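Chemist: One structure is given below, represented as structure tokens, and several questions about it will come after.
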Amino acid sequence: METNEFNWSDKRTIGMEIELQLVDSNTLDLANAILPLMEHYNDNIYIKPEFIQCSVEVMSKICRNIQELEWNLRSLVCDLHKKCKDLGITLSGAGTHPFHNGLAVITPIPRYLGIEKRVGYACYNYITFSMHVHVGMSSGEEMIALMNRLRPYIPVLLALSASSPFWRGHDTGHVSYRHRVLATARTYGLPPLFENWENFCTFFKAARYAGIYNTFRDYHWDLRPRPDFGTLEIRMMDSQPTVGEAIALAAFAQSLIEYLKSNYEEGEEHLLKPLPLWIEQENRYRASQHGLAAMYVEDESGNSRPILDIAENILNSIKETADNLGVSQELAGIAEILSNGPSYIRQRNVYGETGSYKAVVSCIAGELESEIEEFNLGQVGM
């Protein structure tokens, strides 16, 4: 599409992409099994290969609300689970694998092979797994404005979703080490600030002419404009162990965006104010290292407060918006995350109790397995 075109989308529409790990059921190590798995999904546009062969992407359809999104994703994951089981593969949801020690095998698709050629050796370390939420936007102007307003909240979303404390048999000292692995990528991280939609179009036209990007998929910012979809794509979150946790994060993101839009129009003060770039970068780093225990720098004087407190404040502030959107039940999952801790805490607890990274993988995969069994039982009972 032309860079100044925008495919209008209803603001209530929502979609999600989840990257899941393909794990050998016997060894619990990553398995480069996407090619045999895709033989079962040649005509399914919602189950797709990813850049690395040990990953599979589950992509929802465009959904009218969060309940439709949850049903769609659970159905897809249940079917995928059956196909994987036949191949001796287990599905697992986390930002990194705790002990895999090899290099990535790139999926032989022209676009991915082109990335491999351009990036070189660095891409063989990109063995990471994330989830992306697409929220419908009514115009390019609205999309760019909300992308700018959402920037201060990136560390909060990152901390809530962190699920990658381990890497190649080590506790990294970070709760989302996925962000450290991908930091070498040239188009990764905080998005630029754009004054308006026209400013973004001018940027993208120049960047494409310079050979930096070919399509909107070629920049991998935490927040990515998708004019071709008519959405703002939220990309900083780690893959989650369960669909339920992913849905809770989607409900949080959708409610926050709607809250920011409404309050901006009414001239009310934001929960978090825009900050200088150096502070935004520091807050993002702190969130990836310490998660909900991180101290968020909230002004240019250096005053800080815990991200946990900020997340609780945001949750309380957006409850009315969530009620209006009809996502209160799904948003309740965020309160559970704040109370019990994100996946990185559970993973570290398992390792602390067992001293085994295999036990960590087994626990992560078991959470999804239990959720699938519960969903299947519910289907039988209907």
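Chemist: Please go through segment 288-340 and give me each residue that is of a type in the set (A, V, I, L, M) and not in a helix (DSSP H, G or I), ordered by number.
Modeler: Keep residues of segment 288-340 that are of a type in the set (A, V, I, L, M), which gives 292-295, 297, 307-308, 310-311, 314-315, 318, 322, 325, 327, 331-332, 334-335, 337-338.
Matches in segment 288-340: Ala294, Met295, Val297, Ile318, Val327.
Chemist: Which of the residues belonging to segment 322-337 are under 14 Å from Ser161 (Cβ atoms) and surrounded by fewer than 16 Cβ atoms within 10 Å (Cβ to Cβ)?
Modeler: The answer is Glu336, and nothing else.
Chemist: May I ask you to say which residue of Val360, Val380 is more than 29 Å from Glu280 (Cα to Cα) and either modelled with pLDDT under 95 or part of a loop (DSSP other than H, G, I, E, B) (or both)?
Modeler: Testing whether each residue is more than 29 Å from Glu280 (Cα to Cα) and either modelled with pLDDT under 95 or part of a loop (DSSP other than H, G, I, E, B) (or both) leaves just Val380.
Chemist: I'd like the full set of residues that are outside any helix (DSSP H, G or I) and either buried (at least 24 other Cβ atoms within 10 Å of the Cβ) or not small (Gly, Ala, Ser) (or both), limited to segment 132-160.
Modeler: Result: His132, Val133, His134, Val135, Met137.
Chemist: Sticking with this structure for a sec: Looking at (1) under 25 Å from Val77 (Cα atoms); (2) modelled with pLDDT of 95 or more; (3) of a type outside the set (Ser, Thr, Tyr), which one does Gly173 not meet, given that it meets all the others?
Modeler: So the condition that Gly173 fails would be (1).
Chemist: Still on this model: Given (1) more than 19 Å from Ser164 (Cβ to Cβ); (2) among the charged types (D, E, K, R); (3) part of a helix (DSSP H, G or I), identify the lone condition not met by Arg348.
Modeler: Of everything listed in (1) more than 19 Å from Ser164 (Cβ to Cβ); (2) among the charged types (D, E, K, R); (3) part of a helix (DSSP H, G or I), Arg348 misses just condition (1).
Chemist: Can you run down the residue pairs with Cβ atoms below 7 Å, 6 or more apart or on separate chains, where the first is in segment 160-175 and over 13 Å from Ser288 (Cα atoms) and the partner is of a type in the set (Val, Ile, Thr) and assigned to a loop (DSSP other than H, G, I, E, B)?
Modeler: Every condition considered, the pairs that remain are Trp167/Thr96.
Chemist: Contact list please: Cβ distance under 9 Å, first residue in segment 195-221 and more than 20 Å from Ala183 (Cα to Cα), second residue assigned to a loop (DSSP other than H, G, I, E, B) and among the small types (Gly, Ala, Ser), pairs at least six apart or on different chains.
Modeler: Every condition considered, the pairs that remain are Trp197/Ser139.
Chemist: Further question on the same structure: Got at least one residue in segment 347-356 being at pLDDT 95 or above, under 14 Å from Leu157 (Cα atoms) and not polar (S, T, N, Q)?
Modeler: no
Chemist: Six or more apart or on different chains, Cβ under 7 Å: which pairs go from a residue in segment 332-355 that's over 19 Å from Thr96 (Cβ atoms) and small (Gly, Ala, Ser) to one that's assigned to a helix (DSSP H, G or I) and modelled with pLDDT of 95 or more? Could you list them?
Modeler: Between residues of segment 332-355 that are over 19 Å from Thr96 (Cβ atoms) and small (Gly, Ala, Ser) and residues that are assigned to a helix (DSSP H, G or I) and modelled with pLDDT of 95 or more, the close pairs are Gly333/Gly244; Gly333/Glu245; Gly333/Ile247; Gly333/Ala248; Ala335/Leu315.
Chemist: Okay, next question. Considering only residues of segment 115-131 that are part of a helix (DSSP H, G or I) and touching a residue at least 40 places away in the same chain (Cβ under 8 Å), which is surrounded by the fewest Cβ atoms within 10 Å (Cβ to Cβ)?
Modeler: Ala122
Chemist: Hey, another quick one. Filter segment 59-106 down to the residues that are among the polar types (S, T, N, Q) and farther than 29 Å from Arg180 by Cβ and list them by number.
Modeler: Across segment 59-106, the qualifying residues are Asn65, Gln67, Asn72, Ser75.
Chemist: Determine, yes or no, whether Ile318 is under 19 Å from Ala246 (Cα atoms) and at pLDDT 95 or above.
Modeler: Answer is yes for this residue.
Chemist: I would also like to ask the following. How many residues, within segment 39-66, are free of Cβ contacts under 8 Å to residues at least 24 places away in the same chain, of a type outside the set (S, T, N, Q) and over 15 Å from His81 (Cα atoms)?
Modeler: 2
Chemist: Okay, moving on. Please find, within segment 9-59, the residue that is nearest to Cys363 (Cα to Cα) out of those that are more than 20 Å from the chain's Cα centre (by Cα) and among the small types (Gly, Ala, Ser).
Modeler: Going through the qualifying residues, I end up with Ser25.
The values are calculated or read from the model by the stated rules, or taken from the named source; none is laboratory data. None of the values given here were measured: they were computed from a predicted structure. A quick note on method: Cβ atoms are made from the backbone with ideal geometry, for glycine too, and the neighbour counts reach across all protein chains shown.
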